[in-house]
Amino acid sequence: MTPPRTRKIAYTAPVGSIDLPAFDDNGTPYEVWPCHDCYPWHFEVVRDGSEIMVREWHAVDCTLFQQLLASE
């Protein structure tokens, strides 16, 4: 039997990013809270043309990151 795969969520884990809107349809900014599932989490604010986005960086094995990718 193969042992279950462990998630690598330490500071040295490989990271990936996802761009999320910074504002809802009414122009209200979204609150950004840290991810408690991975240590390398951080974000940056980026501009894509006239749109302002929040780019979140997570460990690629982070559960929240996998959920965000699946919901796109």
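The values are calculated or read from the model by the stated rules, or taken from the named source; none is laboratory data. Note that this is a predicted model, so its numbers are computed, not measured. FYI the Cβ positions are ideal-geometry reconstructions off the backbone, even for glycines, and counts take in every protein chain you see.
Taken over the range 29-72, the criterion of being in a strand (DSSP E or B), closer than 22 Å to R7 by Cβ and among the aliphatic types (A, V, I, L, M) is satisfied by A59 alone.
Residue count for the range 45-65 satisfying the condition of being crowded, with 16+ Cβ neighbours inside 10 Å and over 14 Å from W33 (Cα atoms): 5. Residues that are aromatic (F, W, Y) and at pLDDT 95 or above within the range 34-47 comprise W41, F43, listed in sequence order. For the range 19-28, filtering for residues that are not charged (D, E, K, R) and not in a strand (DSSP E or B) leaves 4. Looking only at residues in the range 15-44 that are surrounded by fewer than 16 Cβ atoms within 10 Å (Cβ to Cβ) and charged (D, E, K, R), the one that is nearest to the chain's Cα centre (by Cα) is D19.
Scanning the range 48-61 for residues that are of a type outside the set (A, V, I, L, M) and modelled with pLDDT of 95 or more, we see that the one that is nearest to K8 (Cα to Cα) is H58.
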